[in-house]
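Enquirer: Pasting a structure below so you can have a look.
The values are calculated or read from the model by the stated rules, or taken from the named source; none is laboratory data. What you see is a predicted model; the values in this text were computed from it and never measured. Cβ placement follows ideal geometry from the backbone for every residue including glycine, while neighbour counts extend to all protein chains displayed.
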Amino acid sequence: MIALLKRYWQVLRRPSTHYSLGFLTVGGFIGGVLFWGGFNTALELTNTEQFCIGCHEMRDNVYQELQPTIHFTNRSGVRAKCSDCHVPHEWTSKIARKMQASKEVWGKVFGTIDTPEKFEAMRLPLAMNEWRRLKANNSLECRNCHDFPYMDFTRQSPRARDAHSTALARGERTCIDCHVGIAHRLPDLRGLDEMIAVHGVDAVPAVLLGGAAEVAQ
């Protein structure tokens, strides 16, 4: 064993052109730590509310809609910021979402939603993108805060209790199937049927299916 350790030590001390292998290994480790720390710091900066509302498209539209809601101000003081609902917390899913969001930069560059009128015109497809994502991941961002096993049904309204103890408990529905328009205004649903014909029902919460006219009223 001692001989083996000495042999490894000799390899580590053996110089490359200018530096020993040991120096390169330790230097690479330190460099990796610094890179990883810098990368994660930059990643977390993009999750801050200040970053999200840094462009007027978000600051003057959806951020204004969020402020009167219970997710912004409530009796417990627990507030959800943009990334809590729109960015997964688990690391691999977070990276995948960030890569997907990089495409959204084009909307900023080319002014796709840079006025309130343009934003409203795009609200339905933008909402459907989020609805589709939340249905596909079983409303993961909602469940990061609202954990089903800890729900106290006795403190819920009869309607909520019935929905949570049946369809949600059995996995037939997910949060976004019922909880739409709780942080931002619903889009104009008069074009919903046409969007369903193009994109299918997977992008639409169950509460809106077959009842677009009633919800719109």
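Enquirer: Restricting to the range 138-195, give me the number of residues that are polar (S, T, N, Q) and either modelled with pLDDT under 90 or more than 24 Å from the chain's Cα centre (by Cα) (or both). Step through it out loud before you land on a result.
Expert: Let us first name the residues in the range 138-195 that are polar (S, T, N, Q), namely 138-139, 144, 154, 156-157, 165-166, 174.
Checking which are either modelled with pLDDT under 90 or more than 24 Å from the chain's Cα centre (by Cα) (or both) leaves us with 144, 154, 156-157, 165-166.
Of the residues in that region, 6 qualify.
Enquirer: Could you check residue 77 against (1) at positive phi; (2) surrounded by 14 or more Cβ atoms within 10 Å (Cβ to Cβ) and say which number it fails?
Expert: Looking at each condition in turn, residue 77 falls short on (2).
Enquirer: Given the structure, is residue 109 out of contact with any Leu (no Cβ under 8 Å at 6 or more places or on another chain) and under 17 Å from residue 59 (Cβ atoms)?
Expert: Details: out of contact with any Leu (no Cβ under 8 Å at 6 or more places or on another chain): yes; under 17 Å from residue 59 (Cβ atoms): no.
Considered against the rule, which asks whether it is out of contact with any Leu (no Cβ under 8 Å at 6 or more places or on another chain) and under 17 Å from residue 59 (Cβ atoms), residue 109 comes out as no.
Enquirer: Here's another thing I want to ask about it. Taking the range 80-95 as the search range and keeping residues that are polar (S, T, N, Q) and farther than 25 Å from residue 70 by Cβ, which one is surrounded by the fewest Cβ atoms within 10 Å (Cβ to Cβ)?
Expert: For the range 80-95, the residue satisfying everything is 92.
Enquirer: Sticking with this one: Going residue by residue through the range 102-120, is there one that turns out to be under 19 Å from the mean Cα position of the chain (by Cα), surrounded by 11 or more Cβ atoms within 10 Å (Cβ to Cβ) and not acidic (Asp, Glu)?
Expert: Looking through the range 102-120, at least one residue is under 19 Å from the mean Cα position of the chain (by Cα), surrounded by 11 or more Cβ atoms within 10 Å (Cβ to Cβ) and not acidic (Asp, Glu).
Enquirer: Please work out which one of (1) within 22 Å of residue 86 (Cβ to Cβ); (2) free of Cβ contacts under 8 Å to residues at least 40 places away in the same chain is the condition residue 154 fails and give its number.
Expert: (1)
Enquirer: On to the next question. List pairs: first residue in the range 90-118 and at pLDDT below 85, second residue surrounded by 12 or more Cβ atoms within 10 Å (Cβ to Cβ) and β-branched (Val, Ile, Thr) anywhere in the structure, Cβ distance under 6 angstrom, at least six positions apart or on different chains.
Expert: 107/113
Enquirer: Applying the selection to the range 42-58, what residues are over 14 Å from the mean Cα position of the chain (by Cα), exposed (fewer than 14 other Cβ atoms within 10 Å of the Cβ) and modelled with pLDDT of 90 or more?
Expert: Within the range 42-58, just 50 meets the criteria.
Enquirer: Further, regarding this structure: Counting only residues that are among the small types (Gly, Ala, Ser) and either surrounded by 14 or more Cβ atoms within 10 Å (Cβ to Cβ) or in contact with a Cys (Cβ under 9 Å, 6 or more places away or on another chain) (or both), how many does the range 134-164 have?
Expert: We begin by selecting, within the range 134-164, every residue among the small types (Gly, Ala, Ser); these are 136, 139, 157, 160, 163.
Then drop every residue that is not either surrounded by 14 or more Cβ atoms within 10 Å (Cβ to Cβ) or in contact with a Cys (Cβ under 9 Å, 6 or more places away or on another chain) (or both), which leaves 139, 160, 163.
Residues flagged as among the small types (Gly, Ala, Ser) and either surrounded by 14 or more Cβ atoms within 10 Å (Cβ to Cβ) or in contact with a Cys (Cβ under 9 Å, 6 or more places away or on another chain) (or both) within the range 134-164 amount to 3.
A quick yes/no check of all residues on (1) at pLDDT below 80; (2) surrounded by 13 or more Cβ atoms within 10 Å (Cβ to Cβ):
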residue: 7; (1), (2): yes, no
residue: 22; (1), (2): yes, yes
residue: 28; (1), (2): yes, no
residue: 37; (1), (2): no, no
residue: 69; (1), (2): no, yes
